[in-house]
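Pasting a structure here, questions to come.
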Ligand SMILES: Cc1cc2nc3c(=O)[nH]c(=O)nc-3n(C[C@H](O)[C@H](O)[C@H](O)COP(=O)(O)O)c2cc1C
């Protein structure tokens with residue numbers, strides 16, 4: 001077989017495919033904001049979230065230190081898409097105006113999604129999302145800080161998860177704390193477009209490690225946090 005050859009290219013974005021997260025946060029007046037994002041990765045019971053610093057979500061996270069990370073299934077793509085090009089910021093920041101963004105105060109209403117009260121944080125969970133994780137901000141890291149032209153534009157929020165709520169439909173039958181990856185159908189954003197996942201493509205050697213060996217101290221810490229309502 002011929003060895004494949006690479007070609008150097010300069011794509012405008014490097015969004016090769018990550019799950020969509022709907023972040024709920026709390027506005028100054030106590031109302032909820034809801035925003036789609038996908039620059040997120042997971043480390044134990046923590047997540048790192050890449051957000052434009054001028055987004056309403058980033059401002060809310062800095063002010064309140066709380067959010068819910070709601071994971072939509074691929075079936076919720078139409079609801080997620082209704083939130084595209086919207087912002088909770090009023091007025092709309094100039095950079096976003098150019099790209100066609102518009103202000104929406106009631107993002108839940110626009111998406112057709114249902115807010116339900118959270119247990120440990122003020123922002124609501126999204127009832128329709130099969131996964132909703134209540135989280136608090138533990139650190140805020142600047143991104144591209146070495147470049148004066150980009151400084152202050154992007155932030156990486158490190159958040160610590162306090163509660164993981166899931167629909168029973170994605171739980172592994174016969175287990176308490178396991179997600180069934182064959183039942184969980186995340187919504188994937190790849191180069192601005194929305195996709196689902198195909199079936200498992202190969203047996204996984206990594207999956208031989210029992211999940212319990214990954215359990216870290218943040219899980220015990222989360223258990224100690226009493227519900228606020
Ligand atoms: C599918 C999808 C993925 C997105 N991913 C991100 C992201 O990872 N980071 C980000 O800052 N914005 C992302 N955006 C754009 C935000 O949703 C946008 O900045 C929005 O205005 C934020 O809302 P807010 O200003 O009310 O917080 C994404 C949008 C969509 C539709």
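What residue among 43, 34, 187 shows peak mean-square fluctuation when the chain is described by a Gaussian network model with Cα springs under 10 Å?
Looking only at 43, 34, 187, the largest GNM fluctuation is found for 43.
Can you put 24, 190 in order, fewest other beta carbons within 10 Å first?
If I rank by nearby Cβ atoms, fewest first, I get 190, 24.
Give me 46, 223 ranked fewest to most by other Cβ atoms within 10 Å of their Cβ, as a rough exposure proxy.
Arranged by neighbour count, lowest to highest, 46, 223 become 223, 46.
Work the Kirkwood hydrodynamic radius out for segment 1-55: mean of 1/r over every pair of different alpha-carbon atoms, inverted, in Å.
14.7 Å
If you don't mind, another one. In deg cm²/dmol, rounded to 500, what helix-only [θ] at 222 nm does the chain give when every DSSP H run of at least 4 residues adds -39500 (n - 2.57) and the total is split over its residues?
Roughly -3500 deg cm²/dmol at 222 nm, from the helical runs in the chain.
Where does each of 1, 37, 133 land when they are ranked from fewest to most other beta-carbon atoms within 10 angstrom?
Ascending number of Cβ neighbours within 10 Å: 1, 37, 133.
For the pair residue 90/residue 8, report the inter-label distance in nm, with labels modelled 7 Å from Cα in the Cβ direction.
4.9 nm
Under a GNM of the chain (C-alpha, springs under 10 Å), which listed residue has the highest mean-square fluctuation: 74, 168, 29?
29
Sequence gap at least 6, Cα distance under 8 Å: using those rules, report the relative contact order of the chain to the nearest whole percent.
Computed value for the chain: 23 percent relative contact order.
When DSSP assigns beta bridges and you keep just the ones with both residues in the chain, what percent turn out antiparallel, to the nearest 5?
Numbers: 47 of 49 bridges.
Approximately 95 percent, going by the DSSP bridge assignments.
Separate question: Give the shape of segment 70-163 as rounded, prolate or oblate, defined through the alpha-carbon gyration tensor: a ≥ b ≥ c are the square roots of its eigenvalues, a/c under 1.5 means rounded, and otherwise the shape is prolate if a/b is larger than b/c and oblate if not.
Values: a/c = 2.16, a/b = 1.22, b/c = 1.77.
Cα axes put segment 70-163 in the oblate bin.
Under a GNM of the chain (C-alpha, springs under 10 Å), which listed residue has the highest mean-square fluctuation: 16, 41, 108?
Highest fluctuation among the options: 16.
Just so you know, all these numbers are worked out from the coordinates, no wet-lab data involved. Owing to the predicted nature of the structure, the values given are computational and were not obtained by experimental measurement. As a convention, Cβ positions derive from the backbone with ideal geometry for all residues, glycine included, and neighbour counts pool all protein chains shown.
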